[in-house]
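> My structure is below; once you've seen it, I'll send some questions.
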Amino acid sequence: MYPKDLLKLIHYLKKLPGVGTKTAERFAFELIKFSDFELNDIGNLFKNLKKNIIYCEICGCLIAQDTCKFCDNNLRDSKKICIVASFKDVFLLEKTKTYNGFYHILENLISPIEGKEIDEKNILKLKKRVENSSINEVIIALDSTIQGDATSLYIKEELSSYKVNISRLAFGLPVGTSLDYIDGTTLSQAFIKRQSF
Ligand SMILES: [Zn+2]
């Protein structure tokens with residue numbers, strides 16, 4: 001039987017996506033080998049993670065200080081909002097250098113199978129942004145999955161009373177494709193060829 005703290009470490013590591021018991025054990029044994037300095041540093045990092053990395057109240061992106069590098073950047077196109085599922089997707093899109101507008105992170109998608117609904121407060125926030133910032137295009141950059149489709153339709157409905165163009169990425173890829181698995185060039189093309197939705 002493993003010592004109690006080791007078990008605890010494995011338990012936490014297993015919470016990470018794609019990490020099963022075997023991988024968690026491997027990670028845990030590697031972590032034990034880290035120097036005292038490194039482990040202390042990691043400890044402090046974890047301790048202050050929620051304090052030092054915060055969410056922008058407008059777009060939901062992770063930011064380090066009070067200013068958001070997207071919302072507070074007047075070099076960006078303030079007429080466009082791109083809706084994504086997570087900050088990770090913002091990062092992917094930024095890498096393609098195809099888009100220069102604002103973002104709106106949903107965090108959770110509608111999942112008809114799991115019975116998960118969307119965060120109404122987040123949609124209300126989106127509506128207010130569209131209304132108050134004279135946005136002319138809302139680009140939906142969600143995965144081509146059941147969840148992505150259901151959420152896209154919902155957003156389209158919710159925004160139907162606003163004078164705004166709604167478009168969705170032109171995947172041209174098999175249904176079930178996640179943005180995560182698309183290379184930068186394909187993602188960039190999907191963005192450029194986005195279609196009215
Ligand atoms: Zn922001």
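The values are calculated or read from the model by the stated rules, or taken from the named source; none is laboratory data. Small disclaimer: the values here were computed from a predicted structure and weren't measured. Please note: Cβ atoms are built from the backbone with ideal geometry, for glycine as well, and neighbour counts cover all protein chains shown. Each accessible area value is taken on the protein alone, full model and side chains, heavy atoms only, with ligands, DNA and RNA left out. Shrake-Rupley method; radii C 1.70, N 1.55, O 1.52, S 1.80 Å.
> Hey, got a sec? Which trypsin sites (Lys or Arg not before Pro) in segment 41-141 land in a DSSP loop and have at most 15 other Cβ atoms within 10 Å?
Working: sites: Lys47, Lys50, Lys51, Lys69, Arg76, Lys79, Lys80, Lys88, Lys95, Lys97, Lys116, Lys121, Lys125, Lys127, Lys128, Arg129; in loops: Lys69, Arg76, Lys97.
In loop regions of segment 41-141 (DSSP not H, G, I, E or B), the sparsely surrounded trypsin sites (Lys or Arg not before Pro) are Lys69, Lys97.
> Another one. What pairs in Lys128/Lys193; Lys51/Lys156; Lys125/Lys193; Lys47/Lys95; Lys22/Lys69; Lys4/Lys69 have C-alpha atoms more than 32 Å from each other?
Values: Lys128/Lys193 27 Å; Lys51/Lys156 35 Å; Lys125/Lys193 27 Å; Lys47/Lys95 30 Å; Lys22/Lys69 39 Å; Lys4/Lys69 43 Å.
Violating the 32 Å limit, Cα to Cα: Lys51/Lys156; Lys22/Lys69; Lys4/Lys69.
> Only Cα pairs under 8 Å and at least 6 apart count here; give the relative contact order of the chain as a rounded whole percent. Write out the running numbers ahead of the final one.
Values: 252 pairs, mean separation 32.1, N = 197.
Relative CO of the chain lands at 16 percent.
> Mind checking which aspartates and glutamates have their C-alpha under 12 Å from Lys88, skipping anything on the same chain fewer than 8 residues away?
Candidates past the 8-residue exclusion: Glu107, Asp180.
> Taking the Cα centroid of segment 78-112 and of segment 116-132, what is the distance between the two, rounded to the nearest whole Å?
Between the Cα centre of segment 78-112 and that of segment 116-132, the gap is 14 Å.
> Quantify, in whole percent, the carbon and sulfur part of the accessible surface of segment 54-197 (1.4 Å probe; protein heavy atoms only). Intermediate values should be presented prior to the final figure.
Values: 4170 of 7980 Å².
It is 52 percent, rounded to a whole number.
> Counting only protein chains, not ligands or nucleic acids, how are Asp183, Asp89 ordered by accessible area (probe 1.4 Å), most first? If you can, show how the numbers build up before the last one.
Working: Asp183 80, Asp89 10 Å².
Reading off the accessible areas and sorting them downward yields Asp183, Asp89.
> Right, next: Using a 1.4 Å probe, what is the accessible area per residue for the chain, in Å²? Let's see the in-between values first.
On the way: 12680 Å² over 197 residues.
Dividing the accessible area of the chain by its residue count gives 64 Å².
> Let me ask something additional. Is there a quick way to get the dipole size of the chain? I mean about its Cα centre, with the Cβ of Lys and Arg at +1 and of Asp and Glu at -1; what is the value in debye to the nearest 20?
Numbers: 28 positive and 25 negative charges, 29 e Å.
So the dipole magnitude of the chain works out to roughly 140 debye.
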